[in-house]
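Input: a single structure, listed below in structure tokens.
The values are calculated or read from the model by the stated rules, or taken from the named source; none is laboratory data. Predicted, not measured: the structure shown is a model, and the values here were computed from it. Positions of Cβ are backbone-derived with ideal geometry, glycine not excepted, and every protein chain shown enters the neighbour counts.
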Amino acid sequence: MGYGAKPHNNYMKKLILMGRVAAGKTTLTQALRGEQVHYCKTQYINYHNTIIDTPGEYTEVAKLGAALALYAYEADIVGLVIGAEEPFCVFPPNCTCMVNREVVGIISGIDREGANVEQAERWLRLCGCEKIFPCSSYTGEGLEAIIDYLREPTDAPDALPT
Ligand SMILES: Nc1nc2c(ncn2[C@@H]2O[C@H](COP(=O)(O)OP(=O)(O)OP(=O)(O)O)[C@@H](O)[C@H]2O)c(=O)[nH]1
Ligand SMILES: [Mg+2]
């Protein structure tokens, strides 16, 4: 970073992604960062500049949920990720009130055959999410809306920092 350049954290709001195993959190992180999408199982919390990517097990196993609560305080926005093909919702109703951060819903994999975006949206509304982003990390649909949402008013209109 050159002298006088602003650190990236000044440009974008920090988003923490939560959701069950294979919801599409890591792929979404890669796509939002403009990286080549490739499978990489998340083994621990990855703390990037703009996105905190968490392992699905932390959402699925109640005892590990405390780690998510802690990391949520390091973020500006909590993103509940539901894959459009998921057969049930892992998040309890009204769970958004458990954190004093803005909570948005993200529906990943809307390009998948058998995607049921309406159902995922209803689950996220039940959670308490008001803002919901349907997207595909493969086709890129919906990603710009997320980036726009994370961008601070003064940000330059470029891709997410790496
Ligand atoms: N078609 C399609 N497949 C996707 C999309 N997002 C993720 N996938 C696939 O879904 C699988 C799981 O994606 P991951 O991003 O690893 O899921 P994760 O939520 O990070 O999973 P954990 O790290 O286990 O918590 C991978 O095989 C991805 O290629 C998408 O938008 N479209
Ligand atoms: Mg992952």
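Here are the numbers:
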read-out	value
Hits in the range 26-51 (condition: within 18 Å of ILE106 (Cβ to Cβ), in contact with a helix residue (DSSP H, G or I) (Cβ under 9 Å, 6 or more places away or on another chain) and near ligand 1 (Cβ under 8 Å from one of its atoms))	LEU28, ALA31, VAL37, THR42
Residues that are out of contact with any strand residue (DSSP E or B) (no Cβ under 7 Å at 6 or more places or on another chain) and within 12 Å of ligand 1 (Cβ to nearest atom), drawn from the range 137-146	TYR138, THR139, GLY140, GLU141, LEU143
Boolean, VAL78 is closer than 24 Å to ALA115 by Cα, modelled with pLDDT under 95 and of a type outside the set (S, T, N, Q)	no
Pairs, first farther than 14 Å from LEU17 by Cα and part of a loop (DSSP other than H, G, I, E, B) in the range 32-51, second among the aromatic types (Phe, Trp, Tyr) and within 8 Å of ligand 1 (Cβ to nearest atom), C-beta under 8 Å, six or more apart	VAL37/TYR138
Filtered residue count, the range 52-66, keeping only those that are within 13 Å of ligand 1 (Cβ to nearest atom) and either charged (D, E, K, R) or in contact (Cβ under 8 Å) with a residue 12 or more places away in the chain (or both)	9
Among (1) surrounded by fewer than 17 Cβ atoms within 10 Å (Cβ to Cβ); (2) of a type in the set (Val, Ile, Thr); (3) touching an Asp or Glu at 6+ places or on another chain (Cβ under 8 Å); (4) within 21 Å of TYR149 (Cβ to Cβ), the one test that VAL21 misses	(4)
